[in-house]
1. At residue 83 and residue 116, where each label point lies 7 Å from the Cα along Cα→Cβ, what is the point-to-point distance in nanometres?
2. Set Lys and Arg Cβ to +1 and Asp and Glu Cβ to -1, take the dipole of the chain about its Cα centre, and tell me which of 121, 190, 36 lies farthest positive.
3. Would the stretch 44-89 count as rounded, prolate or oblate if I go by the C-alpha gyration tensor, calling it rounded below 1.5 in a/c and otherwise prolate when a/b exceeds b/c, oblate otherwise?
4. Rounded to the nearest Å, what's the spacing between the alpha carbon centres of the stretch 159-224 and the stretch 70-118? Just the number, please.
5. Two decimals is fine: what's Rg over Rh for the chain, C-alpha atoms, Kirkwood radius as Rh?
6. Quick check on the stretch 133-224: take the gyration tensor over C-alpha atoms, sort the square-rooted eigenvalues as a ≥ b ≥ c, and tell me if it's rounded (a/c under 1.5), prolate or oblate.
7. Is the stretch 111-175 rounded, prolate or oblate when judged by the Cα gyration tensor, a ≥ b ≥ c being the square roots of its eigenvalues, rounded requiring a/c under 1.5 and prolate requiring a/b larger than b/c?
Amino acid sequence: MTDVLDQEDGLRGEAGLDRTGRSRRKAKGSGHLRRGEIIDAAERIFVACGYEGATIRKIADAVGVSSTALYMHFADKTEILVEICENAFARLLAQNTEIAALDMEPVARVRRMLGAYMTFALEHPNAYQLVFGAPREALSPERAEALRDLGRRCYDLFAGAVRRVDEAGRLKTHHVDAAAQTLWAATHGLVTLLITQPDFEWAPEAELTPLMLDSIFHGLVSPA
């Protein structure tokens, strides 16, 4: 029995876990705690427990540090939530800016943006859910407005790309915002279902996402 316990302790040591399965405390002076570790743990806990259920202690335990050590990086859990949302919006804004600048056919540009958007959501499901599901009432008016501004800038780049489709004479409606919002809502709906309903027997993503894009483009965009 002792040998078995010794082996289990060895495995826990390699994994960085104590007997309860939680992360072991990082030894004092063992190295600089990266903010990214806190962000990654907080993303998971916010999604699993909700904003109210997430606590600094839970996040600190998941990282393997004391609450005091975590407070050296973030003043409170709201500040962590804001940074998660800001980072996600910044990545979305950067990819939209890059695609908007490409010299390519307008419909192909919009499709590239939507594909990149879905890829981002599926590769960063926790951050994505928090961006669109975080309780804005938990934020100060200034922080909430800053996040709205980032979101608006992302949307404006996308709507601008849809406007180019209209200028090329291929949009079936001249209500550019309605078309842009329909395209965005369709992709958002699909990735949200894929993220939140993982037990459903979905078709392979490699087939599902292009088929969905084909369907909505068929309804909104005239053939070349």
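1. The modelled label-to-label distance comes out at 2.6 nm.
2. Highest projection toward the positive end goes to 36.
3. Values: a/c = 1.92, a/b = 1.24, b/c = 1.54.
Cα axes put the stretch 44-89 in the oblate bin.
4. 18 Å
5. 1.09
6. Numbers: a/c = 3.33, a/b = 1.16, b/c = 2.87.
It is oblate, given that a/c is not under 1.5 and a/b is not larger than b/c.
7. Note, shape of the stretch 111-175 comes out oblate.
Bear in mind these aren't lab numbers, they're just calculated from the coordinates by the rules spelled out. Being a predicted model, the structure only gives us computed values, none of them experimental. Please note: Cβ atoms are built from the backbone with ideal geometry, for glycine as well, and neighbour counts cover all protein chains shown.
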